[in-house]
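Everything below concerns the one structure shown next.
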Amino acid sequence: MEHPRRLFALIGPPSVYLTLFFLLPLGIMAVFSFRAGTIGEARNVFTLEHYRQFIANAAYHRLLWRSSLMAFGIASISTLLAYPLAYFLTFQAGERKLTLMTLIIIPTWTSYLLRVFAWKLILGTNGLLNTLLLSLGIIDQASPILLYSRTAVMVTLVYVWVPFVALPIFAALERIDRSLLEAAADLGCKPWEAFLRVTLPLSAPGVIAGFFFCLIPTLGEYVTPLLVGGGQGAMYGNLIQDQFVRALNWSMGSVMSLAMLLAVIVLLVIFSRMGSFSKLLEL
Amino acid sequence: MSEPAVELRDVTKVFTSTRGDLAEEVYAVQEMNLEIAQGEFFTLLGPSGCGKTTTLRLIAGFERPTKGEIFIHGQPMSKVPPNLRPVNTVFQNYALFPHLNVARNVGFGLEVRRVSRPERERRIHEALDMVQLAEMSNRRPSQLSGGQQQRIALARALVNQPAVLLLDEPLGALDLKLRKAMQIELKQLQAQVGITFIYVTHDQEEALTMSNRIAVMNKGRVLQVGDPVTLYEKPASHFVADFIGESNFFRGVVEAVSGQLVEVQVSGTRVRATAGALPPSSGQEALFAVRPEKVRLIISEESIDGALRGVIQEVIYIGTDTRYIVNVEAQSPVAVRVQNGCGIAPQEYRRGDVVQLSWLPEDAHLLAD
């Protein structure tokens, strides 16, 4: 009798919080998606017009698809860079592990915006990278395309995400029993075979966690594209922001948000069907 | 006699641990020499930290000797990595791959060595039959009991038909009853497959039960190598006599030596012992050991020639035997085991009885201190 009550005491506050600030707004957004307008009489008119518009407008789909590809690319690159980092920390760093780990985490203590701004200074026309390339004679004149491009968005976001992707991979690698690697060698594996047959599959839950950790927030990213992306680097999130803030078309913004939510859910379902993600949740 | 399966020549392993500027050297194995014959069940026995597991890891190739050389079937191993050595290991914690099912765990070594699929499946099946777990082939290791995991670890190693199988306390995690059953099973399996087994344990009873020969180790050194009977009946040192079975130790002064027979003055009485490998001289201090079951108790106030006088302090009835703890002047209490066999009434002797303790000279062994 006491256990359900204690359980309720534990999950009660977060449940209330999530209901008030997550489920309720989501519901409000869903309601807005059916309203003809944001203000005045139009608020009370029910319509599917915005859904029709969204479905008809190929430009929206292109941007959603392109943002998904960018998020996928950013998550993939971050994971590819984070894995060797986590591997080195786990197996090679030895006594320096803690120091190196702290060094990786320290930059994340500064503001996210600050770190994105730093990339503006590096990538700008008179920025660090252009100056360096000029002085080395690799380029003749400062290249403006370093900043305000899709590449700039990807470079910046990969930088932001690598430490966060490395952490779950590091945790997964740390958990691997070293005697399993000895067993693999004992059974005839060269070091790289042991990596492919034992280390990699056993660290897969961490890799998948890190990948999604990066993928999902990146899909809805709008601050970084705003700062370093320019017109070229705009992502789907910027489009939603425009609908809410500039066009004051909350209904359209809601429809677009819900479309993205659907995209994320579809992605998650596909991955959980692949099996590994559900295994991650068991761990 | 063919060449030994495994030979260790002057093998020393030093671990260096650095803490700040201090480098500390730990001798895990010191100048070890061993020859293990083909088809032998050989056990490394000793307390934890004696270097037995390090020795096994040196043979497997997980550690490199600081000095000396290890030969497997005559081939020097110093430049051979673990994956190319003709040995397989059964790990203490089994080290089964949690992401693979039982069949793929067992077939792991065959898969790595590119054995064809039909051949692989046949051998996996054979190995699982051998450990009587054929019906478990689709399970994950986490779904098996400790005893079952242990058998799978064994099958995973044996399926590769190694020249030598290394076992690191493989029964340590099992409960007593299962351990006893597995001891017999392992012993039978070894005889059946004919592979050389090198077995590490700290359990002397386990070592005696299973081994052809045992090397008793302490502090990185091998103290005595021999078959179970020799180690139990003729221990060469205080450590071996104490570690294997139970022993009563007596200290005294050598009075006379004639060949193997030695007379020792113990607590004012002249008793007899066997010199063994250490011929002493008169007047020398001597230490010897007698097993509790080799001591004879005689109720008598009168002193008997060659017997120690004592008083029974404790009578402990344990079913098959009765244990007596006897106080002897200026010696540690002496344990005596009397079997409750035919014609002997249990608890024949009582607390406080004055008794004479005697033994055959060949059951008392002079020891290196």
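The values are calculated or read from the model by the stated rules, or taken from the named source; none is laboratory data. Because the structure is a prediction, the values reported are computed rather than measured. With ideal geometry, Cβ positions are generated from the backbone for all residues, glycine too; neighbour counts draw on all protein chains shown. Heads up: the accessible areas ignore ligands, DNA and RNA and are worked out on the full protein's heavy atoms, side chains in. Shrake-Rupley method; radii C 1.70, N 1.55, O 1.52, S 1.80 Å.
Between chains A and B, what is the buried accessible area in Å², counting both sides, with a 1.4 Å probe and ligands, DNA and RNA left out, to the nearest 100?
1800 Å²
Per residue of B:96-107, how many C-beta atoms from partner chains lie within 10 Å of its own C-beta, taken as a mean?
That works out to 3 on average.
Express in % the proportion of alpha carbon pairs of chain A at distances exceeding 30 Å.
49 percent
With +1 assigned to the C-beta of every Lys and Arg and -1 to the C-beta of every Asp and Glu, and no other charges, what is the dipole magnitude of the range A:147-203 about the Cα centre in debye, to the nearest 20?
The dipole magnitude comes to about 260 debye.
What residues qualify as long-range amide H neighbours of B:Val6, i.e. H under 5 Å apart, gap of 5 or more or another chain, H built at 1.01 Å from N?
Answer set, sorted by chain and number: B:Ile36, B:His73.
Hand me the GluC sites (Glu not before Pro) from the range B:168-271 located in a DSSP loop with no more than 15 other Cβ atoms within 10 Å, in residue order please.
Within the range B:168-271, the qualifying GluC sites (Glu not before Pro) (loop, at most 15 other Cβ atoms within 10 Å) are B:Glu246.
With the dipole of the range B:1-109 worked out from charges on the C-beta (+1 for Lys and Arg, -1 for Asp and Glu) around the Cα centre, which of B:Cys50, B:Leu84, B:Ile72 lies farthest toward the positive end?
In the range B:1-109, that residue is B:Leu84.
Of all the accessible heavy-atom surface of the protein assembly as shown, with the other protein chains kept in place and a 1.4 Å probe, what percent is carbon and sulfur?
60 percent
Can you show me the helix-derived [θ] at 222 nm for chain A, built from DSSP H runs with n ≥ 4 at -39,500 (n - 2.57) apiece and divided by the number of residues, rounded to the nearest 500.
-21000 deg cm²/dmol
Determine the shielding of peptide A:173-181 by partner chains: average, over its residues, the number of Cβ atoms on other chains within 10 angstrom of each Cβ.
3
Considering only A:Thr47, A:Pro25, A:Thr108, whose Cα is most displaced toward the positive end of the charge dipole of chain A, charges sitting on Cβ of Lys, Arg (+1) and Asp, Glu (-1)?
Of A:Thr47, A:Pro25, A:Thr108, it is A:Thr47.
Which value, in debye to the nearest 20, describes the size of the charge dipole of the range B:276-359 about its Cα centre when Lys and Arg Cβ atoms bear +1, Asp and Glu Cβ atoms bear -1, and nothing else is charged?
I would put it at about 260 debye.
Taking every residue in B:77-83, how many Cβ atoms of other protein chains lie within 10 Å of its Cβ, on average?
Shielding by partners across B:77-83 averages 3.
What does the charge dipole of the range B:83-222 about its Cα centre add up to, to the nearest 20 debye, if the Cβ of each Lys and Arg holds +1 and the Cβ of each Asp and Glu holds -1?
Rounded to the nearest 20 debye, it is 360 debye.
Compute the separation of the alpha-carbon centres of the range A:192-222 and the range B:299-340 and state it in Å as a whole number.
A separation of 70 Å, based on Cα centres.
Just to confirm my numbers, what's the Cα centroid distance between the range A:17-61 and the range A:234-272 in Å?
Using only Cα atoms to place each centre, the spacing works out to 11 Å.
Please name whichever of A:Gly233, A:Val245, A:Cys189 sits farthest to the positive end of the charge dipole of chain A, dipole taken about the Cα centre and charges placed at Cβ: Lys and Arg +1, Asp and Glu -1.
A:Val245
Which trypsin sites (Lys or Arg not before Pro) in the range B:14-105 pass both tests, a DSSP loop state and at most 14 other beta-carbon atoms within 10 Å?
Listed in order of number, the matching sites are B:Lys79.
If you average the alpha carbon positions of the range B:250-283 and of the range A:134-156, how far apart do those two centres end up, in angstrom?
94 Å
For the protein assembly as shown, what is the accessible area per residue in Å² when the probe is 1.4 Å?
Spelled out: the 1.4 Å probe surface of the protein assembly as shown, per residue, equals 51 Å².
Give the residue list of trypsin sites (Lys or Arg not before Pro) in the range A:166-198 that are DSSP loop and have at most 14 other beta-carbon atoms within 10 angstrom.
A:Arg175
How much net charge surrounds B:Asp353 when only the other residues with a Cβ under 15 Å from the Cβ of B:Asp353 are counted, with Lys and Arg +1 and Asp and Glu -1?
Cβ neighbours under 15 Å give a net charge of +1.
Mind telling me which of B:Asp168, B:Asp227, B:Asp353 comes out most flexible in a GNM of chain B, alpha-carbon contacts under 10 Å?
Comparing B:Asp168, B:Asp227, B:Asp353 in the GNM, the peak value goes to B:Asp353.
Which residue fluctuates most in the GNM of chain B (Cα springs below 10 Å): B:Gln190, B:Gln38, B:Gln143?
For chain B, modelled as a Gaussian network with Cα springs under 10 Å, the answer is B:Gln143.
Short version: ³J(HN,Hα) in whole Hz for each residue of the range A:24-34, in order, from phi by Karplus 6.51 cos²θ - 1.76 cosθ + 1.60 (θ = phi - 60°), x for Gly and Pro, what are they?
Calculated HN-Hα couplings, in order: 4, x, 4, x, 4, 4, 4, 5, 4, 5, 9 Hz.
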